[in-house]
Every structure is written in C-alpha cells, then in structure tokens.
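Some notes on the structure that comes next.
The numbers here are math on the coordinates, done by the rules we state, and not lab data. In this text, all values refer to a predicted model and were calculated from it rather than measured experimentally. Backbone-built Cβ (ideal geometry, glycine too); neighbour counts: all protein chains shown.
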C-alpha cells in the first residue's frame, strides 16, 4: 500500500500492515501515537524522532521501533518511508522506549516488498508467510546508539532540550552546575542519576545526533565540526569514527 492513511486500514484484522509514504523535505509530523506498534524505515533521507524520553536520529538504511501507544513526533528530511504497523499482541520487540534499529539487507528487501501487499492479504499464503518473516527479522534487528535521553527533572530537562537545539561540545558541566545552583561534584552525580549517563557521554551523544542531522541535510564535514564547537575537523572525524566505526563521509554513503 502506498500513501494510504493508516486510519483507513487500521481495523483490518491482520497482525501486520505495510504502508509506503513519501514526504517533502522538512515535513514535521506533530506529536501523535498509534494503536499499533510501528517500525518506521527511511528508504531515503533522514528522520529526527522525539518523545518524552529523549531524541533519536534515524539515518538512511536504519529504522526506528515505536511501541504501541507511544506519543512521538517525526521530522522528515527528504524521506520516503516504508512502515510496518503491528498489532500489540504480535509485537516482536519488548520495552516502552523507541529504538533505532539496523536494517539488514534481508529486512530492507522485505520492507520494500511488503508495501506491495494489500491490507487483507491471505494469512496462510505467500503474503502471510512474508509478514511472519518480517516480524522475525524485526525481532533480530540490532539496536544502534542514536539516542540522547531527556531526564525527568524539569530544570535539567530544560537545559538538555535547549542543548539538543543548539549543541556545542565545549559546554562544560560547571556551566550547567552553576545554572542549577549546585557544586560541580553534586551536579555530576545528579546528572548520572537522572539520565543514566555521565555529562560528557550525554554531551558527546547529543553532538553526534546533531552531526548526523546536519550531514544528512548535505552540510560539509568541516562546517559541521566547527558549528558543533570541535577544535578542528580532524578531531571531529576521529571521534565520529571511534563512536560509529566509520568516517562521517563514509557513514552517509552507507
């Protein structure tokens, strides 16, 4: 099914529905939720996903798992999506948070093929068997580290959200400690308690998410490095390669 509203087929008694949708660059899907769980796969472009838990960046050839009923918003940057909508009882992944998943070559081909399947497919025929295999491959998909958690404490959450909008690797924990009227040592413990990460780990992760978004939008590596406050492009590329296993330019080619 292509460019079909989910609402028009949601009630069809099938465990999995597959829909392909094309979005103009910059499309923002405001906060919403689905009765079914969703695997949102970007066949092209890049997506930014936000929930009350934090922020994810979904690069090309990756997908994001969205649990049933999870409120989320998505910004599309030149994306053509292939989505699976899965009945909660058939969901192949557990947990209440979104996950960015590595889409294997097999799963990618299955997703491309699945959108050709009608809503009321034969469950015991070829289409039903393919949907069963899709669910199996989704359950096996490897999570990717493209997430920055938002803490529950309101004042710290406000600082984290502002940082995600304007990240800079040079921001120090001491600056945030002063704004929260805490000593740096107390702030360091507080930050880890609230996010499960050290301030340095969270800051680096948030900058990586921003880098992926900017690179996906076509920005040059040098411009991204300087915008995020790195001393030079080489330092940024080294950290990127250490974190993600490939250089920035190679990553966007994959």
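Numbers at a glance
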| quantity | calculated |
| --- | --- |
| Shape parameters for region 6-144, alpha-carbon atoms, Rg then Dmax in Å | 13.8, 40 |
| Convex hull projection area averaged over all views, the chain, Cα basis, nm² | 13.6 nm² |
| Fluctuation leader among 139, 237, 183 - the chain, Gaussian network, Cα springs under 10 angstrom | 183 |
| Net length gained if the chain between residue 7 and residue 61 were fully extended (0.36 nm per residue, minus Cα distance) | 16.8 nm |
| Cα pair count fraction exceeding 19 Å, expressed as % - region 159-254 | 42 percent |
| Helix-only CD estimate at 222 nm, as mean residue ellipticity for the chain, using -39500 (n - 2.57) per DSSP H run (n ≥ 4) | -12000 deg cm²/dmol |
| Highest average packing first - 157-165, 77-85, 121-129, Cβ atoms within 10 Å | 77-85, 157-165, 121-129 |
| R0 of 30 Å, Cβ-Cβ distance residue 129-residue 29: FRET efficiency to nearest 0.05 | 0.40 |
